[in-house]
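A short reminder: the numbers here are calculations on the coordinates, not readings from a lab. Note that this is a predicted model, so its numbers are computed, not measured. Note that we place each Cβ from the backbone using ideal geometry, even for glycine, and neighbour counts take in every protein chain shown.
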Amino acid sequence: MIKNIVDIKMTQFSNLNLAKGFIAFCAVLITAHAASAQDAAVNSELLAQGEEVYNTIAVIGCKGCHGEYAEGDLGVGPFTRGANEGMVSAAVSGIGEMIVVKNVITDEQITSVSAYLNYLGTAQVARSLVKRGRFLPEVFSARPGTRLQVILQNGGFDAHTFKSDNMGIEDIEIAARTSGNLIWEAPEQEGTYSLYCTDCKLDEQYFTININASAPEFRKVAPGIASKGDQAGLYLYE
Ligand code: HEC
């Protein structure tokens, strides 16, 4: 009998604690949610500023030497996806070829362009060239949960619009002889996704993105390692 009362008290006590704990937990969740929404907003603004700097600084932009997506594909400046602020500051102040940038860049711009490059380093490039309505390559494979930067190069003389029915993305309009890109977080489940051209002469051509667990693993990249001539996009950074 006594034991029962104690039990009841204990139960009530722990229920109350649970309730208190739950309220505290909710408060944490709400705060965390507000903070992360705010972080995301600040972050996307910083990234947009960084992208602008990357494309336009000193007229030619960083892209004029490091390539449109920082892959070092122009043969002038090296691969810089994943560079952090220390690397960018050191390059701006120490690399002779970058004098045009050094003369005009502000500390704020160094911060934003570094954030942008660092973010690009977290995304695996999935690229396809669209020529005469065909995608080259037609298929790209990546692991579930990978952040992909899908880059479509329009190799034709007309602008085209690309669409996906199952990736949950907005349509991408790409002017003639330029490229368009978007960041897409691959789902955690395996699956097959695709993009197609809405106004190319050839119908029924797809850029297929296979999300499967046996695809090669993408690791964040370190510019210093990738620029030593190895394949970019497969190195651990941090
Ligand atoms: C006029 C061409 C040019 C422009 C513009 C330019 N860079 Fe560079 N950058 C280079 C070259 C060339 C190197 C490599 C020099 C070397 O390896 O000796 C380099 C190196 C770097 C490195 C070091 C990479 C490594 O592997 O250590 C970083 C980071 C970098 N640049 C970032 C930037 C950023 C950010 C911008 C724009 C704000 C920019 N660069 C603009 C030519 C350029």
Could you check the simple spin-label distance between residue 44 and residue 219, using points 7 Å along Cα→Cβ, in nm with one decimal?
3.2
Residues whose placed amide H lies under 5 Å from that of residue 186, excluding near-sequence neighbours:
145, 146, 147, 148
Does anything in region 178-193 have its amide N under 18 Å from the 7 Å Cα→Cβ label point of residue 147, and if so which residues?
181-189
Multiply the residue separation of residue 192 and residue 204 by 0.36 nm, subtract the distance between their alpha-carbon atoms, and state the gained length in nm to one decimal.
2.7 nm
Cleavage-rule hits, GluC sites (Glu not before Pro), region 156-198, DSSP coil, Cβ neighbours within 10 Å at most 16:
170, 188, 190
How large is log10 of I(q)/I(0) for region 110-193 at q = 0.12, 0.26 Å⁻¹ when the intensity is taken from the Debye formula with one equal scatterer per alpha-carbon?
-0.40, -1.31
Loop only by DSSP, 16 or fewer other Cβ within 10 Å of the Cβ. Give me the trypsin sites (Lys or Arg not before Pro) in region 139-207 that pass, ordered by residue number.
177, 201
Here, chymotrypsin sites (Phe, Trp or Tyr not before Pro) of region 106-161 satisfying both criteria (DSSP loop; at most 15 other Cβ within 10 Å) are 157
